[in-house]
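Worksheet: one structure, shown below.
The values are calculated or read from the model by the stated rules, or taken from the named source; none is laboratory data. No experiment lies behind these values; they were computed from the predicted model shown. We place every Cβ from the backbone using ideal geometry, glycine too, and count neighbours over all the protein chains shown.
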Ligand SMILES: [Zn+2]
């Protein structure tokens, strides 16, 4: 990637936008009103807006290694609270992807330094779903299933937060789980049963 080319690309992008709408940047400068909070993986192949066909201003984005929602991560929790309490987003999506290096790295017997505590959360997902995962012999299929189960557990982590519980009660905000298949480009809806998970965990995690 040639960094000088980035600025040429940017000039071309500005021209393309203005061709379609001559006040495009005036409008963009007025503020944002995104309806969707997207929490995805940092993987360079999984671009948030591009794979959804979304435009600037439509999606509030947070990305980290393996699309994790960790309750003591100030970054994801700040993004969540800002998106839900201030931007009043209508939907939250956790989007994982097959062949996720973070998910695979989490299951290797290796000391990965600062990544150890981060990826440890994925080992916990494995432990919760060990019975199912241990029946899958094909290594790649096992990791792909772990990717799906990780998305599900991160959705549950979102439901554990006061912000999501309050927004669900007040305006029906729901959490969705998706997986991007890097081999086909297809976006798959895992059809997370929000109400079921909410009901299942509220006995223990009820906050608001
Ligand atoms: Zn990934």
### Task
Residues being farther than 18 Å from residue 89 by Cβ and either in a loop (DSSP other than H, G, I, E, B) or at pLDDT below 95 (or both): count how many of those fall in segment 172-192.
8
### Query
What are the residue pairs meeting all of these: first residue in segment 99-122, first residue closer than 17 Å to residue 179 by Cβ, second residue in a helix (DSSP H, G or I) and more than 14 Å from the ligand (Cβ to nearest atom), Cβ atoms under 7 Å, and 6 or more apart or on different chains?
106/123
### Query
Across segment 1-33, what is the total count of residues that are touching a residue at least 24 places away in the same chain (Cβ under 8 Å) and outside any helix (DSSP H, G or I)?
2
### Task
May I ask you to say which residue of 35, 50 is at pLDDT below 95, surrounded by fewer than 19 Cβ atoms within 10 Å (Cβ to Cβ) and closer than 22 Å to residue 189 by Cα?
50
## Note on the structure
Restricted to segment 35-54 and to residues being in a strand (DSSP E or B) and more than 15 Å from the ligand (Cβ to nearest atom), the residue farthest from residue 94 (Cα to Cα) is 36
### Task
At least 1 residues that are within 12 Å of the ligand (Cβ to nearest atom) in each: list the helices (runs of 4 or more DSSP H) lying fully within segment 55-155 that qualify.
101-106, 115-128
### Summary
Pairs returned, first residue in segment 34-58 that is closer than 17 Å to residue 155 by Cα and in the same structural domain as residue 158 (by TED's automatic domain parsing), second residue that is more than 13 Å from the ligand (Cβ to nearest atom) and part of a loop (DSSP other than H, G, I, E, B), beta-carbon separation under 8 angstrom, 6 or more apart or interchain, are 36/54; 36/58; 36/89; 36/90; 37/87; 37/89; 39/69
### Query
Among the residues of segment 106-113, is any modelled with pLDDT of 95 or more and surrounded by 11 or more Cβ atoms within 10 Å (Cβ to Cβ)?
no
#### Entry: Selection count where residues are free of Cβ contacts under 8 Å to residues at least 40 places away in the same chain and surrounded by 13 or more Cβ atoms within 10 Å (Cβ to Cβ), scope segment 133-144
3
